[in-house]
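Read through the structure below, which is laid out as structure tokens, and then see the notes.
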Amino acid sequence: MAWLMLASSLAVLATHRLIALFLLACTIITAALTHVIDWQAVLLLVCITIIAIIRLRFQHYLSTKIISEIILLICTIGLFIHLFPGFNNLRYLDNVTVGEHSAPFTMYFNFDKALVPFILLACLPTLFVCRPAKHATKIQWALLVISMPLLLLVATAAGGLTFEWHFPSWLPAFVLCNLLFVSLAEEALFRGYLQQRLTLWLRSPYLALVITSLLFGAVHFAGGPLLILFATLAGLIYGLAWMWSGKLWLAVSIHFGLNLGHLLFFTYPIKLVSN
């Protein structure tokens with residue numbers, strides 16, 4: 001129940017913030033009662049809430065605004081990388097293989113990572129929608145769409161993937177998890193917040209795009225050089241979608257669409273290496 005409530009709150013966060021916050025409060029209470037989160041996590045979330053309220057209440061004071069945003073960003077990164085104790089994330093899939101040529105993988109429902117968009121929204125009210133940094137032609141948008149399957153084909157040619165059709169029984173859980181607990185959290189941090197902030201600070205949308213994409217690739221270091229390169233190129237696609245539209249959910253949709261296409265038509269998460 002806690003996971004469905006959390007998913008619902010994330011789904012409406014961009015358009016109905018009060019409803020989303022109410023659902024989030026109910027989610028946290030339910031999660032605490034069902035031991036999805038422990039007292040350490042509850043204490044952390046209370047502290048984050050207090051800091052967010054202080055930031056919103058006293059945002060006209062520059063020092064308070066800067067300090068509170070730095071603290072909230074640190075908390076966001078800590079939640080993103082699962083640094084804080086007290087979160088009993090659900091291991092929904094444990095070392096499963098989706099196909100005979102696919103490597104085993106594990107899928108978690110991450111409560112801590114899913115909180116990222118809520119915190120970043122307190123830091124940056126334009127997280128979900130802002131003015132596009134650049135405008136694109138219809139041809140550029142068409143090329144961007146084409147680049148998504150092309151990236152998977154490049155990964156296949158490089159030997160990281162191979163063609164393999166899947167339609168697993170746990171596909172609905174994957175859709176829920178990957179869309180709201182993975183793609184939304186990652187795009188909120190890297191495109192909605194980081195790329196937007198860098199664009200404002202550097203006054204160079206393309207430099208912000210490159211830096212953000214490189215950082216996005218770097219956080220995938222555990223998967224090796226090929227995954228770092230693949231994630232960096234994917235980050236450029238997501239970043240262009242955000243830069244040309246100013247809409248976070250568009251970047252999220254493209255991110256999720258690429259992940260879903262990867263699962264359905266290719267070895268997932270990578271090709272099984274034969275001994």
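The values are calculated or read from the model by the stated rules, or taken from the named source; none is laboratory data. Remember, it's a predicted structure, so these values are computed and weren't measured experimentally. Note that each Cβ is placed from the backbone with ideal geometry, even for glycine, and that neighbours are counted across all protein chains shown. Just the protein is used for accessible areas: all its heavy atoms, side chains included, with ligands, DNA and RNA removed. Shrake-Rupley method; radii C 1.70, N 1.55, O 1.52, S 1.80 Å.
Data table
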quantity	calculated
Residue match in the range 248-255 (condition: under 26 Å from Leu4 (Cβ atoms) and either assigned to a strand (DSSP E or B) or among the basic types (Lys, Arg) (or both))	no
Residue that is surrounded by the fewest Cβ atoms within 10 Å (Cβ to Cβ) [pool: residues in the range 182-207 that are within 24 Å of His82 (Cα to Cα) and among the aromatic types (Phe, Trp, Tyr)]	Phe190
Criterion: more than 19 Å from the chain's Cα centre (by Cα), closer than 30 Å to Phe167 by Cβ and loosely packed, with under 15 Cβ neighbours inside 10 Å - qualifying residue of Val96, Val46, Val36	Val96
Boolean, Ile28 is modelled with pLDDT of 95 or more, within 20 Å of Leu127 (Cα to Cα) and open to solvent by less than 100 Å² (accessible area, probe 1.4 Å)	no
Residue match in the range 149-160 (condition: crowded, with 18+ Cβ neighbours inside 10 Å, modelled with pLDDT under 95 and over 16 Å from the mean Cα position of the chain (by Cα))	yes
Residue that is over 27 Å from Leu13 (Cα atoms), touching a helix residue (DSSP H, G or I) at 6+ places or on another chain (Cβ under 8 Å) and in contact (Cβ under 8 Å) with a residue 40 or more places away in the chain, where the choices are Gly192, Gly261, Gly160, Gly239	Gly160
Subset of the range 219-275 (residues that are out of contact with any Phe, Trp or Tyr (no Cβ under 7 Å at 6 or more places or on another chain) and polar (S, T, N, Q))	Ser245, Ser253, Asn259, Thr267, Ser274, Asn275
The range 4-55, residues that are out of contact with any helix residue (DSSP H, G or I) (no Cβ under 6 Å at 6 or more places or on another chain) and closer than 22 Å to Pro172 by Cα	Leu4, Ala11
Any chance Arg55 is crowded, with 16+ Cβ neighbours inside 10 Å and among the charged types (D, E, K, R)	yes
Condition broken by Glu69, with the remaining ones in (1) open to solvent by less than 70 Å² (accessible area, probe 1.4 Å); (2) without any contact (Cβ under 8 Å) to a residue 24 or more places away in the chain; (3) over 23 Å from Leu179 (Cα atoms) satisfied	(2)
Qualifying residue in the range 57-65 (condition: among the basic types (Lys, Arg) and in a helix (DSSP H, G or I))	yes
